[in-house]
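Please read the structure below before turning to the comments.
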Amino acid sequence: MNEIFKRHPENPILTPEKWKYPCNAVFNPGVIEFEGYVYLLCRVETFDGYSHFTLVKSKNGVNNWEIPEKPTLVPDERYDEEKWGIEDPRIVYLKEIEKYAITYVSFSPGGPLISLILTDDFIKFERKGPLVPPEDKDGSLFPRKIKDKFALIHRPIIRGEGHIWISYSPDLIHWGNHKILLPVRAGMWDCHRIGLGCPPIETDEGWLIIYHGIRYTASIPIYRVGLALLDKESPEKVISRTKRWVFAPEKEYERIGNAMNVVFPTGYIIKDKEIFIYYGCTDKCISLAFASISDILTILLKEKE
Ligand code: BMA
């Protein structure tokens, strides 16, 4: 298969062995460029099984990571929904309120749900609480309002089905206009569950969506990656979606770890017309893959629905 994503030769770029305190896993990071650095808000799992976030930074986004001695954000006991940990952050800069929005999974005893934290400096964090009830994961806001509303992509589990949904809000508190955006596809590689990977990326052709798709095999689920393109001003209109996956677990660090056969993109940066995707591998470590944006859009426009 002609792979459009190339793996970085230094993969995996971050592992638990590089951490400054004992942990079992470092994976599924939220990613943003801030003050000349690439910031990765990493999900870190400790040996009690709970997760928290640690912010690491690097000038080139590949190596020389500055890793702090202590976690950055730990579950807050005043918030019941964080009782079983916080997981899988996605970060966008929200133009209209001039703040960074971190959507993350807070693991309540009632199930996982998506919560919101706002920050403008990555030092002080303002918890805004849950956006949607459980069971819900893989949430990201769009980086700007659409037709005067904030928009959220998320993956509720309803009747056991895991489709990607879109919802809108006037104030980041009240959510409505819920619609299935991308359904699972019976019989295909993304037939069992799908979920947003990186936050939506605005391109000349529309919103680029990088998502993970799951198929259960006889032994274990396999997490692979697909692409979709959404209309700029009405993102619930899907312009295109790749039939085949564009990235799949192949390397040992993508196949064997805490989980097996998992590549799980959660953030990106753009440099010189290339997109760099940061992805969790097997719920254990973090890797980097890159592709040309024009190659990605060419594939998507060829597959227009
Ligand atoms: C999903 C999430 C991710 C995890 C993935 C693979 O449901 O919980 O945190 O990386 O499964 O195990």
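The values are calculated or read from the model by the stated rules, or taken from the named source; none is laboratory data. Since the model is a prediction, treat every value here as computed from it, not as a measurement. Cβ sites come from the backbone with ideal geometry, for glycine too, and all protein chains shown count toward neighbours. Ligands, DNA and RNA are excluded from the accessible area calculation, which covers all protein heavy atoms including side chains. Shrake-Rupley method; radii C 1.70, N 1.55, O 1.52, S 1.80 Å.
Rounded, prolate or oblate: which one fits the range 243-304, using the alpha carbon gyration tensor with axes a ≥ b ≥ c (rounded when a/c is under 1.5, else prolate when a/b beats b/c, else oblate)? Oblate is the answer for the range 243-304, as a/c is 1.5 or above yet b/c matches or exceeds a/b. Measuring nothing but how far apart in sequence close Cα pairs (under 8 Å, 6+ apart) lie, relative to its length, the chain scores a relative contact order of 16 percent.
What is the range 113-252 by shape, rounded, prolate or oblate, if you read a ≥ b ≥ c off the alpha carbon gyration tensor as root eigenvalues and call it rounded for a/c under 1.5, prolate for a/b larger than b/c, and oblate otherwise? Prolate shape, in that a/c is at least 1.5 and a/b is the bigger ratio.
If you wrap the tightest convex hull around every Cα atom of the range 29-83 and split its volume per residue, you get 101 Å³.
Straightening the chain between His174 and Asp204 buys 7.8 nm, computed as 0.36 nm per residue apart minus the Cα-Cα spacing. For the range 1-134, relative contact order (Cα pairs under 8 Å, six or more residues apart, normalised by length) works out to 15 percent. How big, in percent, is the set of alpha carbon pairs in the range 196-305 lying more than 18 Å apart? Every Cα pair in the range 196-305 considered, those over 18 Å come to 49 percent. Here the relative contact order of the range 67-209, from alpha carbon pairs under 8 Å that lie six or more residues apart, stands at 15 percent.
Ranked by the mean number of other Cβ atoms within 10 Å of their residues, highest first, the peptides 8-15, 151-158 come out as 151-158, 8-15. For the range 234-305, the share of accessible area belonging to carbon and sulfur comes to 53 percent (1.4 Å probe, ligands and nucleic acids excluded).
Computed over the Cα atoms of the range 218-263, pair by distinct pair, the Kirkwood hydrodynamic radius stands at 12.4 angstrom.
Just so you know, the Cα atoms of the range 67-178 work out to an Rg and Dmax of 13.9, 43 Å.
Once the gyration tensor of the Cα atoms in the range 7-135 is diagonalised, the equivalent ellipsoid follows with semi-axes of 23, 19, 12 Å, ordered largest first. Sorted into 20 angstrom bins from 0, the C-alpha pair distances of the chain split as 36, 61, 3 percent.
The spread of Cα positions in the range 134-173, taken along each principal axis and listed from longest to shortest, comes to 33, 16, 13 Å. Note on Arg78 and Lys6: their simple-model spin labels are 4.9 nm apart, each label 7 Å out from Cα toward Cβ. Working ranking of peptides 79-88, 164-173 by packing, defined as the average number of other Cβ atoms within 10 Å per residue, highest first, is 79-88, 164-173.
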